[in-house]
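Shown next, in structure tokens, is the structure this report addresses.
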Amino acid sequence: QKEVEQNSGPLSVPEGAIASLNCTYSDRGSQSFFWYRQYSGKSPELIMSIYSNGDKEDGRFTAQLNKASQYVSLLIRDSQPSDSATYLCAVNAFAGNKLTFGGGTRVLVKP
Amino acid sequence: GAVVSQHPSWVICKSGTSVKIECRSLDFQATTMFWYRQFPKQSLMLMATSNEGSKATYEQGVEKDKFLINHASLTLSTLTVTSAHPEDSSFYICSAREGGPSYEQYFGPGTRLTVT
């Protein structure tokens, strides 16, 4: 079982709609959770961090964390073609010093 | 967010030569830096973690004598690929963090290495 799991996609979303991405993790003691966006051929870019249960909003992005169910999600509102990328979920375990990444979800926003 | 730079952005070298890649945190002091490798259409693979002034911790399967990491200051880490071979051709990306595990980790733009 992978430590951090994401649906590989592609998740196809019409322009202006909401894209919903999910991520589950296996280490119940995980403390820090991050979402990165990676365009093809580029390095990952941090878009959200979340540490406590609930929602965190930043512009068109909302991260949701549920530690009891061991999942973290990302909502992208008013999706734009420029949001087309691979979104990586990353988790820092309680006793760890490094991030564990999911395989990424590829998002395609169609005009 | 914080800025991390890498140099060079791309490099072509001949088989058997060594290549050094620099990673700098430009507007913060990075207590921990990480080096990743990514092959086309594959996930990020962590190669090693380095703390300033300490020896790097390598992931299982990564040859520490081939991939030399030096984290000499709080703003600079280097990765040297020694005796490079075509199979070392990849996208090498560094990242940096200002504090402990709860701190955000920022990635550099990456270095594309091609070994001929």
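The values are calculated or read from the model by the stated rules, or taken from the named source; none is laboratory data. Values in this document were obtained by computation on a predicted structure and should not be read as measured data. For neighbour counting, all protein chains shown are included, and Cβ atoms are generated from backbone atoms with ideal geometry for every residue, glycine included. Ligands, DNA and RNA are stripped out before the accessible areas are found, and what is left, the full protein with its side chains, is counted by its heavy atoms. Shrake-Rupley method; radii C 1.70, N 1.55, O 1.52, S 1.80 Å.
Quick notes
- Selection status of B:Thr75, open to solvent by 10 Å² or more (accessible area, probe 1.4 Å) and more than 14 Å from chain A (Cβ to nearest Cβ): yes
- Filter result (under 10 Å from the mean Cα position of the chain (by Cα) and open to solvent by 30 Å² or more (accessible area, probe 1.4 Å)) within region A:36-45: A:Arg37
- Criterion violated by A:Phe101 - all others in (1) within 13 Å of chain B (Cβ to nearest Cβ); (2) over 22 Å from B:Ala2 (Cβ atoms) satisfied: (2)
- Region B:8-47: number of residues that are within 10 Å of chain A (Cβ to nearest Cβ) and out of contact with any Asp or Glu (no Cβ under 7 Å at 6 or more places or on another chain): 10
- The lone criterion from (1) exposed (fewer than 15 other Cβ atoms within 10 Å of the Cβ); (2) within 14 Å of chain B (Cβ to nearest Cβ) left unmet by A:Phe33 is number (1).
- Assessment of region B:52-67 against the conditions (under 24 Å from A:Leu88 (Cβ atoms), loosely packed, with under 12 Cβ neighbours inside 10 Å and of a type in the set (D, E, K, R)) yields no matching residue.
- Residue within region A:51-62 that is farther than 29 Å from B:Arg37 by Cα and among the hydrophobic types (A, V, I, L, M, F, W, C) present: no
- Selection status of A:Ile18, open to solvent by less than 70 Å² (accessible area, probe 1.4 Å) and touching a strand residue (DSSP E or B) at 6+ places or on another chain (Cβ under 7 Å): no
- Applying the condition of being more than 8 Å from chain B (Cβ to nearest Cβ) and in a loop (DSSP other than H, G, I, E, B) to region A:42-58 and asking which residue is modelled with the highest pLDDT yields A:Asn53.
- If you check B:Ser90, B:Ser5, B:Ser102, B:Ser95 for being modelled with pLDDT under 95, out of contact with any His (no Cβ under 7 Å at 6 or more places or on another chain), open to solvent by less than 70 Å² (accessible area, probe 1.4 Å) and within 14 Å of chain A (Cβ to nearest Cβ), only one passes: B:Ser102.
- Residue that is surrounded by the fewest Cβ atoms within 10 Å (Cβ to Cβ) [pool: residues in region A:59-80 that are touching a residue at least 12 places away in the same chain (Cβ under 8 Å) and within 14 Å of chain B (Cβ to nearest Cβ)]: A:Phe61
- Options A:Ser73, A:Ser52, A:Ser69: the member that is among the hydroxyl-bearing types (Ser, Thr, Tyr), over 22 Å from B:Met45 (Cα atoms) and within 14 Å of the chain's Cα centre (by Cα): A:Ser73
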